[in-house]
Amino acid sequence: MTNTWLSYLAGAFAGAFLAILCAGLIAFLFARPLIKWGVGRFTKRLMADRYPENIWEMVSALTRTSPRIVVENSLRASSGGVIERPFGSPRKFLDFDGLIFSPAQLATLPAPEDAPVDMMTTIGPLAQRPLILKIPVMAGAMGYGIGVSENVKIAIAKGTAAVGTATNSGEGPLLPEERAHAAHYILQYNSGHWAKEPETLQQADAIEIHIGQGATAGAASRIPSKYIDGRARELLQVPDGEGLIIPSRHAEIVKPQDLKLLVDRLRSVTQGVPIGVKMCASGKLEADLEVAIQAGVDFISLDGGQAGTKGGPPILEDDFGLPTIFALSRAVHYLKKRGVKDRISLLIGGGISTPGQCLKALALGADAVFMGTALLWAMTHEQVTKAIPWEPPTQLAYYTGSQKKAFDIEKAAHSLENFLVSFVEEMKVAIRALGKTSLRDVNADDLVALDEWTSTVTKVRLVTHPYEIVPGSSSEEAEPDDMALSMGKDNAEELEANRERPSVLSLFETF
């Protein structure tokens, strides 16, 4: 009986193999003429059908209106409500690509390849308890429960602690496990009712009053009840069955002058940690900065228009807020004009994702850079294979994500640590190539602008304007400070003025 079954199986296998072989041979012999016939028939129809009946109509339509807009309008048609797009705006704005570093060679020698590079930065230098970070790259604000999962928050805390930088609570509640693993913890003071108890505020190494952000401006956020079930509901102090509204305004800030009262109170409660504000960059940026200056803040977190978010209305992501490089340049210029740049730290974020972009932002005057989307991609790393191709990678990270339990905390924390170490080491290579050994020595004089628009925005010397040696100095005795930028002015008086004011930013009187 056994032999009969074995013979049957062998015969069936051989028959199937021969069938597949014959099918493959037939396909090989006839595939070319069949493909030729099919393509020819399709081409004839494509070239002959009237346009309204022609499939090419789709190509023309999607060339005129991008597939993204077609899909988003279809989502609007389907839901009848405000849609939310993850990761921020896909629009392309002027960015840091229009700037290039000027390498040290002979007039200024590069630093030795093994020279240590100081990357430390201080947030709120005049605060009673300033926040000192080993690196100038921080985690952006991501709220637990209203955005990302518990595992993601813990991984960020561990990864940032490993390299000596800060994490940020976002607008969500304080997650005890995140606080326990974080080396430096920035607590966002939100416009809601949670995370405001003195014992909660006192756990922070800095307080960031959330006024607005780049991807959603200063608009309110509404989270349906079904999206905040579980532990997040408890920590957010939201009754069962109710949704969550994050108001557009703080109850304590009825008029601009009220910000100072809030800053003073938070400084007193937290016994002197840096108190700052986070805001979206508007066309009236200087007026907003002035309110913050008058309030006596220790730092300002400025979010450019390229910033990301868990999900925001496309109109707020695409059509509100200044692009990051505009926001940074104007803020630096105004803080210097007001004489407070050395007192108030400036943090910048929004679309920054490479070491070069980060170092350029720091050279233009930022004291630190915060990133969100880039960190999420770094943490998920090869873990994205747990979600794709059937689900988007965000399902691993979101609090409501279908794959959030598959997110491995330790792997993510290790990936984030590696990412930040690599990121900063690359910046160190660049700083040595500038002939320097400290981040604090990198400035706008180390940059040139590749186009007039970038030069106008940043006040960085245009690449077509020559860099000339001051008359009377020799190359042997000339130090870097003995060289001046020439903007096409030949008289000695103007050259001497440039010599006294070597900063490129100071060559321009107004923004």
Return the pairs, sorted by first residue and then second, in which the second residue is of a type outside the set (A, V, I, L, M) and open to solvent by 80 Å² or more (accessible area, probe 1.4 Å), the first residue lies in segment 452-473 and is under 18 Å from A327 (Cα atoms) and part of a loop (DSSP other than H, G, I, E, B), the beta carbons are less than 9 Å apart, and the residues are 6+ apart or on different chains. K459/F511
From the list G276, G272, G296, G283, pick out the single residue that is closer than 24 Å to D342 by Cβ and open to solvent by 10 Å² or more (accessible area, probe 1.4 Å). G296
Going by the structure shown, is F299 within 25 Å of P173 (Cβ to Cβ) and aromatic (F, W, Y)? yes
Take the residues of segment 130-148 that are at pLDDT 95 or above and over 19 Å from the mean Cα position of the chain (by Cα): which is nearest to M379 (Cα to Cα)? K134
Could you grab the pairs with beta carbons closer than 6 Å, sequence gap of 6+ or different chains, first residue in segment 159-186 and under 18 Å from A412 (Cβ atoms), second one basic (K, R) and open to solvent by less than 20 Å² (accessible area, probe 1.4 Å)? L175/K153; E178/K153
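Would you confirm whether any residue within segment 431-450 is hydrophobic (A, V, I, L, M, F, W, C), in contact with a strand residue (DSSP E or B) (Cβ under 7 Å, 6 or more places away or on another chain) and surrounded by fewer than 19 Cβ atoms within 10 Å (Cβ to Cβ)?
yes
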Please verify whether R91 is modelled with pLDDT of 80 or more and assigned to a helix (DSSP H, G or I), treating the condition exactly as stated. no
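Filter segment 116-137 down to the residues that are open to solvent by less than 10 Å² (accessible area, probe 1.4 Å) and either in contact with a helix residue (DSSP H, G or I) (Cβ under 8 Å, 6 or more places away or on another chain) or free of Cβ contacts under 8 Å to residues at least 60 places away in the same chain (or both), then identify the one that is farthest from T270 (Cα to Cα). Show your work before the answer.
Of all residues in segment 116-137, those open to solvent by less than 10 Å² (accessible area, probe 1.4 Å) come to 119, 123-124, 131, 133, 136-137.
With the extra rule that they be either in contact with a helix residue (DSSP H, G or I) (Cβ under 8 Å, 6 or more places away or on another chain) or free of Cβ contacts under 8 Å to residues at least 60 places away in the same chain (or both), the set shrinks to 119, 136-137.
Numbers: M119: 27, P136: 23, V137: 24 Å.
Once the filter is applied, the top-ranked residue is M119.
Which residue, of A104, A115, A127, is touching a Ser or Thr at 6+ places or on another chain (Cβ under 6 Å), assigned to a loop (DSSP other than H, G, I, E, B) and either small (G, A, S) or within 28 Å of S329 (Cα to Cα) (or both)? Break it down stepwise before answering.
Numbers: A104 fails: touching a Ser or Thr at 6+ places or on another chain (Cβ under 6 Å); A127 fails: touching a Ser or Thr at 6+ places or on another chain (Cβ under 6 Å).
After ruling out the rest, the residue left standing is A115.
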If we scan segment 162-169, do we find a residue that is open to solvent by less than 50 Å² (accessible area, probe 1.4 Å), within 20 Å of V424 (Cα to Cα), β-branched (V, I, T) and out of contact with any helix residue (DSSP H, G or I) (no Cβ under 8 Å at 6 or more places or on another chain)? no
Of the candidates A361, A374, the one satisfying the condition of being open to solvent by less than 10 Å² (accessible area, probe 1.4 Å), of a type outside the set (S, T, N, Q) and not in a loop (DSSP other than H, G, I, E, B) is A361
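The values are calculated or read from the model by the stated rules, or taken from the named source; none is laboratory data. Only a predicted model underlies this, so the values are computations on that prediction, with no experimental measurement involved. Note that we place each Cβ from the backbone using ideal geometry, even for glycine, and neighbour counts take in every protein chain shown. For the accessible areas, the whole protein counts, side chains as well, though only heavy atoms, and no ligand, DNA or RNA atoms are used. Shrake-Rupley method; radii C 1.70, N 1.55, O 1.52, S 1.80 Å.
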